[in-house]
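Below: one structure, written as structure tokens.
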Amino acid sequence: MEKYEYLGLVGEGSYGIVIRSRNKENGRIVAIKKFLEDDDDKMVKKIAMREIRLLKQLRHENLVNLLEVWNRRKRWYLVFEFVDHTLLDDLEQCPNGLEYDKVRRYLIQILRGIAFCHSHNIIHRDIKPENILVSRSGVVKLCDFGFARSLTAPGEMYTDYIATRWYRAPELLVGDTKYGKPVDVWAVGCLVMEMLTGEPLFPGDSEIDQLFHIIRCVGNLIPRHKELFHKNPLFTGLQLPDIKRIELLPTHYPHIPCLVFDLVKKCLQIDPEKRPSCAELLQHNYFTADGFSER
Ligand code: ADP
Ligand code: MG
């Protein structure tokens, strides 16, 4: 720990902080994620341990690289390669959306990173602009595996899920305990629209408002999710809108090219079973039509 020189604070989350530091021995710049004390909160240990375990398993060009881990005075420290900025920074710089080519370059890498996690049966569960790092040369690296988890046996409850609302799939919002990889695909759909327009697609200000945003845009929930909605104490006394005519995305965004729209619509299927896998999305014409994915 003494070998690191403090350079500045880069991020602050609910479970700790991220500090930019220099390794005095080799000059390497790193990001050190320092978790809160274990004692303060049982969740902290759980989240830190999960992130460590998963990241040790997952090595891929599009996932952030964990260099070392240590525990000192009841705190966990994770040392990562330092990555220049986040997708959120890019979006703040370009309030009307990113260049079309950049969106495609980012998206293919995001999908490769998630597809790799999924091939190891790990769902990220918190795909959003702050958790997508971008290097100076444009290499994308997913970070923040604190909420990621391995798929479990059917029926096991996922009780600790508190990831960001705007990117949350309908099955998560209604409280389905049998969700899986399609939750990450949903988040990708939301993310692509945000990269293209500069605006979050579904900026709900509560769980119910989030569902309203979604239903208005892509249509009514599937029967199983409607049932879960009515059983969920969180929504007691609330009604779902019954949408007869959905406001299909393209009418709102006439300037967005149809190939990428088609990909987004596939990600934003209300029925998780109908969403393609990330591996399938990587074969979409959006990437293959002009030989882009080979380049
Ligand atoms: P949290 O659980 O607090 O969200 P994250 O792992 O997402 O933790 O890190 C918080 C923030 O710190 C990120 O949004 C990003 O801005 C920054 N950050 C995290 N890892 C790195 C890294 N390896 N290089 C540069 N910045 C990073
Ligand atoms: Mg984060």
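The values are calculated or read from the model by the stated rules, or taken from the named source; none is laboratory data. Everything numeric in this text was worked out from a predicted model, so none of it was measured. Note: ideal-geometry Cβ built from the backbone for every residue, glycine included; neighbour counts use all protein chains shown.
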Tell me yes or no: at least one residue of region 65-82 is closer than 22 Å to residue 192 by Cβ and within 16 Å of ligand 1 (Cβ to nearest atom). no
Of the criteria (1) more than 13 Å from ligand 2 (Cβ to nearest atom); (2) closer than 21 Å to residue 112 by Cβ; (3) buried (at least 16 other Cβ atoms within 10 Å of the Cβ); (4) touching a residue at least 40 places away in the same chain (Cβ under 8 Å), which one residue 51 fails: (1)
Could you tell me which of the residues 259, 234, 191 is touching a residue at least 12 places away in the same chain (Cβ under 8 Å) and in contact with an Asp or Glu (Cβ under 8 Å, 6 or more places away or on another chain)? 234
Pair list, Cβ < 8 Å and 6+ apart or interchain, from region 1-17 residues that are under 16 Å from residue 85 (Cβ atoms) to residues that are outside any strand (DSSP E or B) and within 16 Å of ligand 2 (Cβ to nearest atom): 11/130
Among the residues of region 10-40, write down those that are near ligand 1 (Cβ under 9 Å from one of its atoms) and among the basic types (Lys, Arg). 20, 33
Please verify whether residue 29 is surrounded by fewer than 17 Cβ atoms within 10 Å (Cβ to Cβ), among the aliphatic types (A, V, I, L, M) and modelled with pLDDT of 95 or more, treating the condition exactly as stated. yes
As an exercise: evaluate residue 92 against (1) away from ligand 1 (no atom under 14 Å from the Cβ); (2) at pLDDT 95 or above; (3) of a type outside the set (Gly, Ala, Ser) and give the number of the one condition it does not meet. (1)
I'm trying to understand the selection: among the residues of region 136-146, which are within 16 Å of ligand 2 (Cβ to nearest atom) and either surrounded by fewer than 19 Cβ atoms within 10 Å (Cβ to Cβ) or not in a loop (DSSP other than H, G, I, E, B) (or both)? 140, 141, 142
Just to check your reading of the model, which residue among 254, 182 is closer than 30 Å to residue 290 by Cα and at pLDDT below 90? 254
